[in-house]
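Worksheet: one structure, shown below.
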Amino acid sequence: MSSADPNPPIARRGKLVVAGQGYVGLPLAMRAVEVGWDVVGVDPDEKRVKRLNSGDSYVDDIPNAQLSAALTTGRYQASTGYADSASDFDIAVITMPTPLREGNPDLSYIKDASRSLAGFLSAGATVVLESTTYPGTTEELVAPLLEEGSGLKAGTDFHLGYSPERIDPGNTTWTLVTTPKVVSGIDVTSLTKVKDFYDTLVDVTVPVSSPKEAELTKLLENTFRHVNIALVNELAMFAHELGIDVWEAIDAASTKPFGYMRFTPGPGVGGHCLPIDPSYLSWQVKQTLGQPFRFVELANDINDHMPDYVVGRISAQLNGQKKPINGSRILLLGMAYKKNTGDARESPGPRIASLLTDMGADVRACDPHVDGPLPARVSRVDFGVEELREADLVVVLTDHDAFAFAAVSEYAAHVLDCRRVPELSSAERL
Ligand SMILES: NC(=O)c1ccc[n+]([C@@H]2O[C@H](COP(=O)([O-])OP(=O)(O)OC[C@H]3O[C@@H](n4cnc5c(N)ncnc54)[C@H](O)[C@@H]3O)[C@@H](O)[C@H]2O)c1
């Protein structure tokens with residue numbers, strides 16, 4: 001009797017092109033390889049593509065072993081262009097960045113990818129947009145570009161839909177696979193195609209009636225988070241003035257089993273989502289209805305102001321030691337916007353560092369996850385007893401597990417903890 005094959009052959013599902021190999025595109029590509037898709041990850045960034053093809057991941061949630069395993073199957077390759085790699089695709093997913101430029105949505109990346117994919121679009125293929133954007137983008141921007149470049153008709157000749165990404169970097173419970181995925185299509189067949197595709201990747205798909213609802217779903221989720229973070233941030237500032245422990249109140253409120261959801265204060269919001277996505281919604285409301293989206297504007301105002309507030313608290317704490325900011329040695333722990341990730345996009349850490357150096361502080365920053373450049377005049381340092389001892393003030397901006405907070409408690413004379421780290425119970429908190 002033969003024993004069961006530990007690596008049974010996997011059913012080939014078809015060809016997938018993932019446009020963009022960043023925080024969203026790479027995990028999607030890796031998962032698709034696991035379940036049998038032949039995947040091409042297209043990204044114009046030559047360095048990234050080189051790293052990917054040599055098994056060297058730059059996304060925290062994708063370990064090198066997973067990338068190497070994908071390469072070993074022979075069903076994954078990264079490419080800098082569409083020309084040699086995108087022909088005859090069955091499905092293409094667009095995971096391009098959608099930044100703001102002077103407060104306005106910049107959809108140039110999505111346009112570029114749509115134009116490029118159009119040249120390789122064949123009858124019966126499906127295109128899905130995953131980038132976060134304002135409602136209407138899939139039908140009003142992507143569809144015409146695909147039609148124009150391919151000579152095919154959306155809905156009739158090819159299928160098109162939108163499925164928002166809910167990836168939460170660093171979260172090991174709610175992953176790409178276990179988090180329900182909202183799916184949509186521009187017509188019934190498109191919805192079926194999009195749903196069937198994601199059913200191969202994730203545990204649960206949630207169909208909605210059109211791309212506009214799916215696009216709005218993503219903006220609703222992120223605006224909800226943004227507004228609630230702003231609420232606790234404002235509360236933290238007032239509670240400090242009133243001499244009340246806001247963290248204890250949040251703990252107590254969180255015991256309510258219904259009608260309350262826990263959010264915690266911090267030095268500001270960062271990443272590609274919260275500082276940007278709600279503005280896509282307020283921009284559209286303003287453009288089309290001529291009205292301000294007041295919740296978003298208020299939340300932006302409060303959250304954007306948090307780095308200034310932290311600098312004010314740093315100043316007050318140094319003042320307590322009879323020291324000015326000018327000339328003080330300040331150690332900032334954490335430049336990433338989020339625990340255990342290396343994502344420093346829009347992060348409050350670099351902003352706080354710049355504000356302090358502008359005021360003459362000797363700023364040192366430590367973040368083992370972030371390897372990108374730091375603001376001018378900020379020294380990158382390793383975590384260590386010497387740095388903790390010599391600092392006039394240590395400020396915890398990100399509570400990475402990599403930081404030995406027991407050492408912070410032991411060796412740092414003065415600490416401002418913006419994250420409420422358990423080991424720092426006697427430190428001053430935000
Ligand atoms: N990062 C997250 O946690 C997250 C979560 C949910 C949704 N999103 C949304 O997903 C989208 C992508 O975000 P991300 O964090 O993955 O961005 P990212 O910057 O990490 O990755 C985007 C990649 O696209 C590449 N690119 C640029 N132009 C391209 C082109 N023409 N063709 C192919 N690739 C191109 C870039 O080089 C980059 O590697 C955004 O709309 C974002 O709002 C992000």
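It is to be established whether one or more residues within the stretch 92-113 are under 29 Å from Val188 (Cβ atoms), part of a strand (DSSP E or B) and among the polar types (S, T, N, Q).
Looking for residues that are under 29 Å from Val188 (Cβ atoms), part of a strand (DSSP E or B) and among the polar types (S, T, N, Q), one finds none in the stretch 92-113, hence no.
Within the stretch 261-283, which residues are without any contact (Cβ under 8 Å) to a residue 40 or more places away in the chain, open to solvent by less than 30 Å² (accessible area, probe 1.4 Å) and more than 13 Å from Leu219 (Cα to Cα)?
Hit for the stretch 261-283 is Phe263, nothing else.
Of all residues in the stretch 86-114, how many are acidic (Asp, Glu), within 11 Å of the ligand (Cβ to nearest atom) and touching a residue at least 12 places away in the same chain (Cβ under 8 Å)?
Residues meeting the conditions: 1.
Which residue pairs have Cβ atoms closer than 6 Å, lie 6 or more positions apart in sequence or on different chains, and pair a first residue in the stretch 141-169 that is charged (D, E, K, R) with a second residue that is within 15 Å of the ligand (Cβ to nearest atom)?
Glu165/Val24; Glu165/Glu130; Arg166/Thr179; Asp168/Trp174
Which of the residues spanning the stretch 289-336 are open to solvent by 50 Å² or more (accessible area, probe 1.4 Å) and within 18 Å of His272 (Cβ to Cβ)?
Asp304
For the stretch 16-31, check the following and say yes or no: at least one residue is of a type outside the set (Val, Ile, Thr), surrounded by fewer than 19 Cβ atoms within 10 Å (Cβ to Cβ) and free of Cβ contacts under 8 Å to residues at least 60 places away in the same chain.
no
Is there a residue in the stretch 353-362 that is in contact (Cβ under 8 Å) with a residue 24 or more places away in the chain, among the small types (Gly, Ala, Ser), within 17 Å of Thr341 (Cα to Cα) and touching a strand residue (DSSP E or B) at 6+ places or on another chain (Cβ under 6 Å)? Working first, answer last.
Our first condition is that a residue be in contact (Cβ under 8 Å) with a residue 24 or more places away in the chain; within the stretch 353-362, this holds for 353-356, 359-362.
Next, only the ones that are among the small types (Gly, Ala, Ser) stay: 353-354, 360-361.
Filter once more, so that each one left must be within 17 Å of Thr341 (Cα to Cα): none.
Within the stretch 353-362, not a single residue is in contact (Cβ under 8 Å) with a residue 24 or more places away in the chain, among the small types (Gly, Ala, Ser), within 17 Å of Thr341 (Cα to Cα) and touching a strand residue (DSSP E or B) at 6+ places or on another chain (Cβ under 6 Å).
Take the stretch 241-258 and flag every residue that is open to solvent by 50 Å² or more (accessible area, probe 1.4 Å) and either in contact with a Phe, Trp or Tyr (Cβ under 6 Å, 6 or more places away or on another chain) or farther than 23 Å from Ala316 by Cα (or both).
Ala249, Asp251, Ala252, Thr255, Lys256, Pro257, Phe258
It is to be established whether one or more residues within the stretch 115-122 are within 14 Å of the ligand (Cβ to nearest atom), part of a loop (DSSP other than H, G, I, E, B), open to solvent by 10 Å² or more (accessible area, probe 1.4 Å) and not charged (D, E, K, R).
yes
The values are calculated or read from the model by the stated rules, or taken from the named source; none is laboratory data. Because the structure is a prediction, the values reported are computed rather than measured. So basically every Cβ, Gly included, is an ideal-geometry build from the backbone, and we count neighbours across all protein chains shown. To get the accessible areas, we keep the full protein, side chains included, count just its heavy atoms, and leave off ligands, DNA and RNA. Shrake-Rupley method; radii C 1.70, N 1.55, O 1.52, S 1.80 Å.
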